[in-house]
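Since the structure comes first, as structure tokens, the remarks are kept for the end.
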Amino acid sequence: LSLLSDLRAAIQNDELQMWLQPKIRLCDQSCYGFEALVRWQHPRRGFISPAEFVPFAERAGYIHHVTNWMLEKAVKTLAQWRDRYPTLSIAVNVSTNDLRDHHFPDRVRQFLHQYQVTPNNLHLELTESGIMENPENAITLLDMLRNTGIGLSIDDFGTGHSSLAYLQKLPVSELKIDRSFVINLDQHDATQKLVKTIIDMGHGLDLHVIAEGIETQEERTTLTDLGCDAIQGYFASKPLHGSALDTWLENLPRSV
Ligand code: G
Ligand code: G
Ligand code: MN
Ligand code: NA
């Protein structure tokens with residue numbers, strides 16, 4: 001319970017941070033956007049991992065406050081980037097609980113309007129397991145979001161028991177292959193075949209396919225050979241914040 005009041009205070013006092021991890025195209029190694037990852041620097045307890053407090057906030061019915069905070073931060077950042085980096089996207093992780101709220105698409109639209117940000121610069125990541133908990137409801141909400149022009153990604157793909165029938169109906173634009181398939185991919189022939197099948201299926205559905213958690217050159221080379229579109233992971237860059245993020249952005253070519 002005290003963690004909940006601390007989280008409330010953290011949101012009020014801006015103790016949360018948005019870290020950004022680059023998403024890199026494999027065709028030319030260019031950066032097209034970032035995934036936003038929440039971090040909590042607690043004044044007494046120190047760093048608290050989202051792996052700990054996100055599930056807690058979900059159970060406490062409080063996750064929408066975290067999502068709202070991240071959405072506003074992401075949209076504010078996109079507004080700051082408008083002139084210098086007009087094509088970069090930021091993808092915010094959305095909880096299954098957020099999808100139960102039918103006002104969610106309106107809240108997202110309000111932020112975009114408030115900060116005058118183009119919808120296609122904002123992406124939302126939804127986990128495969130979250131979508132499949134209530135696919136009919138998810139499709140209704142995702143249709144509303146997609147009609148606004150926001151990009152939608154299926155996160156942690158391959159771990160959430162997708163029905164292929166639903167996959168075809170989901171108005172998503174990107175599929176993110178879960179990190180578990182990528183670990184030492186270069187050394188595992190059977191996993192390579194599986195990943196190739198996922199990539200081909202994604203392309204068959206006109207989806208952009210990105211693999212997450214790439215840590216080595218060998219994993220990147222294998223994914224390039226398998227036809228994957230993009231990667232995210234420590235090999236390209238850890239999540240960035242503050243001056244490290246500024247430096248990364250300054251080193252981008254101007255016309256990305
Ligand atoms: O960033 P890290 O790997 O520590 O994140 C751990 C877990 O927390 C991951 O499953 C990640 O998807 C999730 N996570 C990180 N940031 C957010 C966020 O802003 N919202 C939600 N709902 N989950 C997040
Ligand atoms: O569940 P989700 O896919 O959103 O989780 C993203 C999390 O994975 C982030 O918290 C991020 O810190 C972490 N992450 C990002 N890249 C790598 C990587 O290359 N290796 C590992 N082990 N974790 C990563
Ligand atoms: Mn994610
Ligand atoms: Na992810």
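FYI, it's all coordinate maths here, none of it is from the lab. Treat the numbers as computed from the prediction; the structure is a model and nothing was measured. Heads up, the Cβs are rebuilt from the backbone with ideal geometry, glycines too, and the neighbour counts pull from every protein chain shown.
Where both residues lie in the chain, what percent of DSSP beta bridges are antiparallel, nearest 5?
Details: 15 of 39 bridges.
Looking only at bridges with both residues in the chain, the antiparallel portion is about 40 percent.
Toward the positive end of the charge dipole of region 128-256, with +1 on the Cβ of Lys and Arg and -1 on the Cβ of Asp and Glu, the farthest Cα among 188, 242, 232 is that of 242. All other residues whose Cβ lies under 12 angstrom from that of residue 244 are scored, Lys and Arg at +1 and Asp and Glu at -1, for a net of -1. Multiplying each eigenvalue of the alpha-carbon gyration tensor of the chain by 5 and taking the square root yields semi-axes of 27, 22, 19 Å, largest first, rounded to whole angstroms. If we count every other residue with Cβ under 13 angstrom of residue 145's Cβ, Lys/Arg +1 and Asp/Glu -1, where does the sum land? Residues close to residue 145 contribute a combined charge of -2.
For region 130-256, a Kirkwood hydrodynamic radius built from all Cα pairs, placed in the Stokes-Einstein relation at 4 °C and 1.567 mPa s, yields a translational diffusion coefficient of 81 µm²/s. Separation of region 1-50 and region 140-200, taken as the distance between their Cα centroids, equals 23 angstrom. Overall, the chain carries a charge dipole of about 660 debye about its Cα centre when +1 sits on the Cβ of Lys and Arg and -1 on the Cβ of Asp and Glu, all other atoms neutral. Along the axis of the charge dipole computed for the chain (Cβ charges of +1 for Lys and Arg, -1 for Asp and Glu, origin at the Cα centre), the listed residues 32, 209, 129 are led at the positive end by 32.
Over region 58-177, the alpha carbon radius of gyration divided by the compact-protein estimate 2.2 N^0.38 Å works out to 1.03. Can you pull the percent of Cα pairs in region 145-203 with separation above 16 Å? Here the tail beyond 16 Å accounts for 48 percent of pairs.
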